[in-house]
Amino acid sequence: SAVISQKPSRDICQRGTSLTIQCQVDSQVTMMFWYRQQPGQSLTLIATANQGSEATYESGFVIDKFPISRPNLTFSTLTVSNMSPEDSSIYLCSVDPSSGSYGTQYFGPGTRLLVL
Amino acid sequence: AQSVAQPEDQVNVAEGNPLTVKCTYSVSGNPYLFWYVQYPNRGLQFLLKYITGDNLVKGSYGFEAEFNKSQTSFHLKKPSALVSDSALYFCAVRDSNRDDKIIFGKGTRLHILP
């Protein structure tokens, strides 16, 4: 398994501003993922962030809006840029310590974002 | 595309009674199925998974799930519910057509009534 922490745990932001969310893992992992969970909804994958390569974005998500950094095997950031109230969600990072071989994803506690 | 369906938005069970949270899947090839739980204001916690082998999979907190290939189901079960089991439960499947990304169901809110 893996222990994942996220900062901040929650934030209230003004529209038009940006917020960077940090994800720290207690072990080195190749595969990291960022998800969004809108209120009362399921999880939607934003992007996959593998160390040493550019993040891969899912349909409907773009790098200009959600830039991701993955500087090493234990850390990643997701920035929510030029925020609007529609960006109010829980943002979760996740890792797969087994690098995808029938493995299990483990999740951080999430960052609860409210955009006014 | 691979998918999972959770037909119930909410399930209510009296404390001490057995509980079942339903999940059906649609996959091509072998299904890799998961259950996660989300407690209030917390991230997702892994409960159990089915990859291959025994159809009855045991997981954390006394939960188990039964893989049924003929019914394409992977229902989550527990013999005796606790109030602390009240949470949001997600069924998920690895999508082999999308680089093994995990696809989540919409979730089922479980209420255990004291």
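Coordinate-derived values only; no laboratory data. All values reported here derive from a predicted model rather than from experimental measurement. Every residue, glycine as well, gets a Cβ built from its backbone with ideal geometry; the counts of neighbours run over all protein chains shown.
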Worksheet item: What ³J(HN,Hα) values, in whole Hz, does the Karplus curve 6.51 cos²θ - 1.76 cosθ + 1.60 give for the stretch B:26-32 when θ = phi - 60°, with x put for Gly and Pro?
Response: 9, 9, 9, x, 7, x, 10
Discussion item. At R0 = 41 Å, how high is the FRET efficiency between B:LYS58 and A:SER53 if r is their beta carbon distance? Nearest 0.05 is fine.
Written reply: 0.65
Item to complete: Would you please classify the overall shape of the stretch B:31-98 from the alpha carbon gyration tensor, given that a ≥ b ≥ c denote the square roots of the eigenvalues, rounded means a/c under 1.5, and beyond that prolate means a/b larger than b/c while oblate covers the rest?
Response: oblate
Practice prompt. Please report the relative contact order for chain B, taking Cα pairs under 8 Å with a sequence separation of at least 6, and give it as a percent rounded to a whole number.
Written response: 38
Response to the item:
Inter-part gap, Cα centre of the stretch A:13-83 to Cα centre of the stretch B:38-104, in whole angstrom, is 25
Practice prompt. With a/c under 1.5 counting as rounded, go ahead and sort the protein assembly as shown into rounded, prolate or oblate using the C-alpha gyration tensor (a ≥ b ≥ c being the square roots of the eigenvalues; past the cut-off, prolate if a/b is larger than b/c, else oblate).
Written response: prolate
Worksheet item: Of all trypsin sites (Lys or Arg not before Pro) in the stretch A:1-102, which ones are in loop regions per DSSP and have a Cβ with at most 12 other Cβ atoms within 10 Å?
Response: A:ARG15
Response to the item:
Result: in the protein assembly as shown the number of Lys pairs with C-alpha under 21 Å apart, spaced 8 or more or on different chains, is 20
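List the trypsin sites (Lys or Arg not before Pro) in the stretch B:43-114 that DSSP assigns to loop (not H, G, I, E or B) and whose Cβ has at most 12 other Cβ atoms within 10 Å. Which are they?
Passing both the DSSP loop test and the Cβ count: B:LYS69.
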Item to complete: Could you tell me which of A:LEU78, A:THR20, A:LEU43 has its Cα farthest along the dipole of the stretch A:1-105 towards the positive end, charges placed at Cβ (Lys, Arg +1; Asp, Glu -1), taken about the Cα centre?
Response: A:THR20
Response to the item:
Length-normalised contact order of chain A, Cα under 8 Å, at least 6 apart, in percent, tallies to 37
Item to complete: Sticking with the crude label model, points 7 Å out along Cα→Cβ, report the distance from A:LYS7 to B:ASN12 in nm, one decimal please.
Response: 4.4
Worksheet item: Given a Förster distance of 30 angstrom, what is the FRET efficiency for B:LEU113 paired with A:THR79, based on the Cβ-Cβ distance and rounded to 0.05?
Response: 0.10
